[in-house]
Amino acid sequence: MSDCLISAIICTHNRDSYLGAAIDSLLTQDYDNFEVVVVDNASTDLTREVVEARLPHPRLKYVYEPTAGLSVARNTGANTSTGEILAYLDDDAVASRPWLQVLSSAYQQHEKLAVAGGKVTLLWPEGVAAPSWLSPNLASNLGAYDLGNEMVYIDRPGLTPRGLNYSIRRQFLEQIGGFDVNLGRVGKNLLSNEELHVTELALNLGWQVAYLPEALVAHNVSPERLAQSWFLRRGWWQGISECYRERLAGKAGPKQLLRGTERAARGLYKSIKSIHSPSERFDALVYAYGQLGYLSAVVQGMVSEPKWAKRSG
């Protein structure tokens, strides 16, 4: 069985300090049939220079996308590449050498596999350890993802692979019309859930989604993400993202107000109850705050078309 062509894609926005290592980890893969596409998503730093320093490499391609938005950039990467499989790596992550080989083998052995991703470990800044208030659940907001050491077929969206270590079959992506540009980060907002939405579509359409432990990626934890304020903001946008995902699934309506209120109350109660455990207390507080973001999006959606839902492809 010959190796299929894989397009390894990095979508980047103002991460020149991490980008070089991400590119280098792809150019040194233990795999023969691949290309690397870097989508510069309206960066204003030295992103272009970082890529150009490596452009003599025959596998590497630079693409500039002026419209800000992760899903927009992902679609641009898909449209300007040629691989049967699209493997997305975050600009602040580093892929293990067998990453593309593991992905390729999985897709060739499982013809109904639509989406696959692997284990993600965290790279902490030098001299920095995980804070005492960081729970394993909140660590997943930093990208940590580990479902064990065996291949797992994902049967519910909540277990979907992380976007920083994410691959998708082109045939399936074209079937669903690309990534929804109303989900995914844009500039400073932390809108998310695009991968959950794609997994939901895949399962509903009879495709498979899988976790591949050997498709290992390490993710840098940037210092600004070690502030509690970042996690609260991330939780708020997670709530907004969930509201929009429900809207796409036809579940929007007054019942969202009841669901959000009940969940916010449950989170606040757990936060108070966990007063002696810093990590559990803060985890519950972030959850409750996220439900306030969810409720704000529900109310906004009832009054008018939310700003975060007005973008189009």
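The values are calculated or read from the model by the stated rules, or taken from the named source; none is laboratory data. Computed from a prediction, not measured in an experiment: that's the story for all the values here. Every residue, glycine as well, gets a Cβ built from its backbone with ideal geometry; the counts of neighbours run over all protein chains shown. Surface accessibility is based on the protein's heavy atoms, side chains included, excluding ligands, DNA and RNA. Shrake-Rupley method; radii C 1.70, N 1.55, O 1.52, S 1.80 Å.
Residues in the range 285-300: is at least one open to solvent by 50 Å² or more (accessible area, probe 1.4 Å), touching a residue at least 60 places away in the same chain (Cβ under 8 Å) and in a helix (DSSP H, G or I)?
Our first condition is that a residue be open to solvent by 50 Å² or more (accessible area, probe 1.4 Å); within the range 285-300, this holds for 285, 287, 289, 292, 299-300.
Next cut, touching a residue at least 60 places away in the same chain (Cβ under 8 Å) only: none.
No, that holds for no residue.
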Could you please tell me which pairs satisfy a Cβ distance under 9 Å, a separation of 6+ or placement on different chains, a first residue in the range 116-138 that is on the phi > 0 side of the Ramachandran plot, and a second residue that is open to solvent by 40 Å² or more (accessible area, probe 1.4 Å)?
none
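Would you kindly identify the helices (runs of 4 or more DSSP H) lying entirely within the range 171-279 that contain at least 2 residues that are modelled with pLDDT under 90 and of a type outside the set (Phe, Trp, Tyr)?
In the range 171-279, the matching helices (runs of 4 or more DSSP H) lie at 194-204, 228-248.
Pick from ASP90, ASP24: which is crowded, with 21+ Cβ neighbours inside 10 Å and among the acidic types (Asp, Glu)?
Numbers: ASP24 fails: crowded, with 21+ Cβ neighbours inside 10 Å.
Exactly one of ASP90, ASP24 is crowded, with 21+ Cβ neighbours inside 10 Å and among the acidic types (Asp, Glu), namely ASP90.
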How do the pairs read when you match residues in the range 4-25 that are closer than 21 Å to THR82 by Cβ and modelled with pLDDT under 95 with residues anywhere that are open to solvent by 10 Å² or more (accessible area, probe 1.4 Å) and part of a helix (DSSP H, G or I), using Cβ under 8 Å and keeping only pairs 6 or more apart or on different chains?
CYS4/GLN108
Going through the range 219-247 in order, the residues found to be among the aliphatic types (A, V, I, L, M) and either free of Cβ contacts under 8 Å to residues at least 60 places away in the same chain or open to solvent by 20 Å² or more (accessible area, probe 1.4 Å) (or both) are LEU226, ALA227, LEU232
Odd one out for LEU142 among (1) surrounded by fewer than 20 Cβ atoms within 10 Å (Cβ to Cβ); (2) over 16 Å from ASP24 (Cα atoms)
(1)
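Residue-by-condition table, conditions (1) among the basic types (Lys, Arg); (2) outside any loop (DSSP other than H, G, I, E, B); (3) over 23 Å from VAL102 (Cα atoms):
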site: GLY117; (1), (2), (3): no, yes, no
site: GLU126; (1), (2), (3): no, no, yes
site: PRO131; (1), (2), (3): no, no, yes
site: LEU134; (1), (2), (3): no, no, yes
site: LEU138; (1), (2), (3): no, yes, yes
site: ASN141; (1), (2), (3): no, yes, yes
site: GLY148; (1), (2), (3): no, no, no
site: PRO161; (1), (2), (3): no, no, no
